[in-house]
Each structure stands twice: as C-alpha cells, then as structure tokens.
Amino acid sequence: MKRPVVLMLSYLYPPSPEVGAMRVSEFARYLPEFGWQPVVVTSRDGLDVAWSDPSYATRTPPTIFEHLIGWFRRSGRSLGPYRFSEATGTVQSSSRLGLALGRMAMVWLRGWWAVHAIPTALRLGRSRHICAIYVNCGPFGPTLTGLVAKLLLHRPLVLDFRDAWSLDPYGRFGPVGRTWSWLWESVILRFTDRLLLTSPSARTAYLKRYPFLHGRCHCLPNGYDEAFFANLPKPTDPYPGRTLGYAGTIYPERFEPLLRGLALVPDLTLHLYGRIFAPEALWALADRYNLRPRIVYHGFLPRRELLSELQRLRALVLTQEFWGATTVSPIAGKTYEYLRLGLPILGLMPAGDNATLLRRYGKNVVVVTRPAPRSVARGVRIVLGKRRLEARGLPFSRQTLTGQLATILDSLPPTTRSAPGRDLPSRSGA
C-alpha cells in the first residue's frame with residue numbers, strides 16, 4: 001500500500017537558516033518514517049546567499065519531490081530608496097519612508113510567490129493524489145495558496161502558524177498589520193482543519209478568541225535536530241576567563257537590560273553569533289555602557305559549527321523583550337538547542353512559557369524576570385558558577401515532534417472527493 005501524500009507549502013526552506021525553514025524541512029525528512037510521503041512546494045532563490053546555511057541544504061532528503069518556484073534574484077536587492085534582504089528580514093534605509101516601503105515590498109514579494117505557487121500546488125495535488133495540505137505560515141502568502149488548494153482539491157488543511165498573528169505580543173506588524181492579521185486569520189481559520197502553534201499560551205489565547213477551533217488546535221514546539229548534536233566533539237580550547245554567549249537574531253531593544261547588567265560584572269566577555277538587527281543601535285548601546293571592548297561579534301556560522309563554538313563558552317544567555325500585559329508568551333526557537341547543549345543558561349525574560357520551559361527542563365538554569373541591572377548582574381554571577389550537565393530525557397527532537405505531526409495528520413477528517421476513477425491511499429495504512 002502506498003503511503004498517503006501530504007502537500008507541504010512553505011516559502012522558507014533550506015539553505016535558509018530561519019527557524020521556519022528548519023522546522024518544515026525536518027518534518028519533511030522524518031514524515032516517511034511515520035507513514036506519510038511529503039511533496040514540497042517552496043521558493044528557490046528568494047533568499048540572500050550570504051545568510052544561507054549549507055549544512056541544512058545537505059540534509060534535504062533526496063526522496064522528497066521538490067518543486068522550486070524561483071522569482072527573485074539572490075542577494076540583497078536595491079529597490080529605490082531602500083535595500084532589503086529576505087533572509088535577514090531587515091531593511092536598510094536612510095529615511096523612514098524607505099524603511100516602510102521596504103517592509104511593504106517584502107510582504108508583497110511573498111504574496112506574489114504565493115499567487116504563482118497556486119498552479120504548481122494544484123498540479124501536484126492532482127498528479128500525486130494528496131491526502132492533506134500542510135502550510136508553513138510565514139504570514140501571509142502561503143496561507144492563500146493553501147486555502148485555494150483546499151477549496152479546489154477538497155483536501156483537509158493544516159496551518160502551522162508557529163507564532164501568534166493578531167495576538168503577537170511583540171507588535172511586529174504595527175496597528176495596520178495587526179488589523180490585517182486579524183481580518184485574514186478570521187477568514188482562513190474558518191477553513192482550517194488543524195491549527196498548529198508553538199507555545200501553550202498561544203493555543204489558549206486562540207481557543208479563547210476562536211471557540212470553533214476546539215478539537216482542532218494543537219501545540220507543537222519548534223524543537224531541535226538531534227543529528228546536529230550527534231558526535232559533536234568536546235571543546236579542547238575553551239575561551240579563557242568568564243564568558244557568556246548569545247546565538248540568534250540580535251535586537252538592540254531586547255539587549256539593553258542585559259548590557260546594563262553586564263556593566264556591573266567586570267572581567268566578563270560577551271560573545272555574539274548571528275545577525276544584528278540595526279547594528280548601529282547595538283554598538284551605540286555598547287558604547288553607552290562601556291562594553292564595546294568586552295563584546296566579540298562572530299557573525300553568522302553554519303549550525304554544526306555554531307554548536308561546536310558555543311561549547312567553548314562558560315554559559316549562554318537567552319533574552320526576550322519585557323512587554324506589558326499580554327495573553328501570549330512566545331518560546332524562542334533557540335531555547336531547545338540551548339537546553340540540548342547542556343551549558344548553564346541565563347534566561348532574561350518575563351514570566352511565561354519560555355521561563356517555565358527553562359525551569360522545567362534545565363537543571364543549571366537561572367531565570368531573571370526583572371530587568372533591573374542589579375538583578376541581571378546577580379543572575380550572571382550565579383549562572384557563571386554553575387557547571388555543564390548532560391541533557392537527558394528532552395522530548396523536543398524534531399524526529400519525535402514529526403511523530404506528533406503524523407498523529408495529527410492521521411486524525412484529519414476524510415478527504416471529501418477522490419480523483420476520478422481512483423481511490424486515495426488510506427491514511428491509516430490499512
């Protein structure tokens with residue numbers, strides 16, 4: 001009996017290092033182990049080569065049918081008064097107007113990809129006799145492709161929101177974007193057979209706002225890829241002295257509480273890995289607190305090289321913005337890899353899902369929920385006194401999470417219409 005087929009729609013895919021790209025590619029890699037055959041529709045060259053991660057490209061399984069739709073040139077593109085990079089998600093401009101236009105252009109380009117992905121999705125849906133449609137949601141484009149595919153192919157639809165849209169506590173979309181998010185998600189969720197979110201508070205908030213999602217809304221964490229930790233060599237040349245490291249996108253406004261606290265801890269070096277959003281603002285903060293000589297910026301590193309590098313540090317730091325009252329508490333994707341490494345972790349964040357996760361699974365974790373400089377400095381001193389512990393019993397490997405996704409796919413309602421003259425494979429394998 002042939003495996004049932006799931007059509008996976010995702011603008012992001014390796015070699016992009018984005019969490020969303022890694023998530024969908026690992027789901028696609030492991031789904032055949034749980035009885036599902038993935039067919040992936042993605043973008044080929046909408047990403048900046050400078051921020052690609054070749055280690056993920058080599059892990060793309062050859063059994064996946066990849067139909068790549070390429071519409072944009074590689075590398076950062078110059079569009080009038082602004083420049084932007086799809087991979088970094090940042091826009092550089094000398095004017096506020098240019099910044100606004102650049103962000104609008106990114107949304108428009110992803111929407112353009114979504115429209116042109118529709119014919120490919122429909123063709124594959126019919127020729128591969130799909131049983132389900134999975135959409136990796138980088139708002140908002142791929143959801144349009146998924147909705148059209150559901151309505152025309154009569155197959156159940158799974159939306160992987162990952163993070164909250166209209167209930168986003170960071171306010172990344174602004175008032176206009178938040179209103180648009182609410183309008184579009186109010187429509188698309190009516191047609192959704194399963195909704196996936198990455199934090200318990202997001203699931204609770206969406207069930208409260210949309211009661212019709214009861215029984216259809218699931219929490220599926222981001223997790224980590226165990227393959228990158230297999231046979232990871234132990235460091236033979238750790239950095240000297242007291243060291244603290246951060247890996248991921250660096251937002252200056254979220255770093256200020258940390259920098260103010262570090263100013264009270266002498267003889268400590270902060271190592272940064274990843275991309276900096278608004279570098280000028282970050283270095284201005286470093287100069288304000290006289291920390292520039294104590295900050296080492298390593299840039300972007302491929303995943304396995306990054307993990308090896310992090311092992312040379314004494315401890316890791318995880319920061320989140322201290323927002324006001326909110327019903328949704330996001331969990332940073334890097335949290336799971338931090339826990340898997342087993343290094344001491346300083347969590348600088350408000351009370352919520354991320355803090356709860358660290359406290360539950362981290363045995364050498366210090367969580368600071370007050371951004372006062374003295375509280376931060378005290379947390380830094382405590383975490384530097386802890387030692388590395390082997391991570392055991394973590395239920396967040398992406399192979400394990402793919403099994404949960406397969407269970408969700410198995411629970412979908414029966415397809416409403418088969419191809420003429422053909423029977424669809426049974427999802428139960430019977």
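The values are calculated or read from the model by the stated rules, or taken from the named source; none is laboratory data. Keep in mind it's a predicted model, so treat the numbers as computed, not measured. Every residue, glycine among them, receives a Cβ derived from its backbone with ideal geometry; neighbour counts consider all protein chains shown.
All told, Thr356 falls short of being modelled with pLDDT of 90 or more and either buried (at least 19 other Cβ atoms within 10 Å of the Cβ) or touching a helix residue (DSSP H, G or I) at 6+ places or on another chain (Cβ under 8 Å) (or both).
Residue count for region 185-205 satisfying the condition of being crowded, with 23+ Cβ neighbours inside 10 Å and in a helix (DSSP H, G or I): 2.
Can you name the condition, by its number, that Thr204 falls short on among (1) touching a Phe, Trp or Tyr at 6+ places or on another chain (Cβ under 7 Å); (2) hydroxyl-bearing (Ser, Thr, Tyr); (3) in contact (Cβ under 8 Å) with a residue 60 or more places away in the chain? Here Thr204 meets the rest and fails (1). Annotation: of all residues in region 231-267 being hydroxyl-bearing (Ser, Thr, Tyr) and part of a loop (DSSP other than H, G, I, E, B), the one that is farthest from Tyr289 (Cα to Cα) is Thr236. In this entry, Leu358 passes the filter for residues that are in a helix (DSSP H, G or I) and aliphatic (A, V, I, L, M).
Just one of the listed residues (Val376, Val383, Val328, Val365) is surrounded by 20 or more Cβ atoms within 10 Å (Cβ to Cβ), over 21 Å from Glu309 (Cα atoms) and at pLDDT 95 or above, namely Val376.
For region 16-50, a tally of residues being crowded, with 20+ Cβ neighbours inside 10 Å, of a type outside the set (D, E, K, R) and modelled with pLDDT under 80 returns 5. Looking at region 274-294, is at least one residue modelled with pLDDT of 90 or more, polar (S, T, N, Q), in a loop (DSSP other than H, G, I, E, B) and under 25 Å from the mean Cα position of the chain (by Cα)? No, every residue in region 274-294 fails to be modelled with pLDDT of 90 or more, polar (S, T, N, Q), in a loop (DSSP other than H, G, I, E, B) and under 25 Å from the mean Cα position of the chain (by Cα).
Arg162 satisfies every condition listed in (1) out of contact with any Gly (no Cβ under 7 Å at 6 or more places or on another chain); (2) crowded, with 22+ Cβ neighbours inside 10 Å except (1).
Within region 386-410, if we keep just the residues that are of a type in the set (D, E, K, R), surrounded by 14 or more Cβ atoms within 10 Å (Cβ to Cβ) and farther than 22 Å from Gly333 by Cβ, the residue that is nearest to the chain's Cα centre (by Cα) turns out to be Asp410. Considered as a group, the residues in region 95-142 that are of a type in the set (Phe, Trp, Tyr) and at pLDDT 70 or above include one that is surrounded by the most Cβ atoms within 10 Å (Cβ to Cβ), and that residue is Tyr134.
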